[in-house]
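Heads up: the structure comes next, in structure tokens.
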């Protein structure tokens, strides 16, 4: 896929969907993480920065995608091969029946 097409898809489809469907939820999650970390910071210590939380969150997001989201999509895109083998085994029977009808 060319970079130009990928960029157009990203701007026109992906980013608007993320904004519409995930923006508020992600904001809430990150705010909760920041508050939790702030509570756990000792006096005199500097709390983790937003950039630190972003790095952590991006790692968590990748783990979430790899373990929860992508396996389901992969299963839909590539169904088990057993079904294909069974269908292939059934097709010759249909062809044989048609051949017998033609011979009669």
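Values in this text are rule-based calculations from the coordinates and carry no lab data. As the structure is a prediction and not an experimental result, all values here were calculated from the model. Here the Cβ positions follow ideal geometry from the backbone for every residue, glycine too, while neighbour counts run over all protein chains shown.
Descriptive notes on the structure:
- Cα gyration tensor category, rounded, prolate or oblate, for the stretch 6-69 with a/c compared to 1.5: prolate
- Protection proxy ranking, peptides 30-38, 6-14, average beta carbon neighbours within 10 Å, highest first: 30-38, 6-14
- Label-to-label distance for residue 38 and residue 63 is 2.4 nm, based on points extended 7 Å past Cα in the beta-carbon direction.
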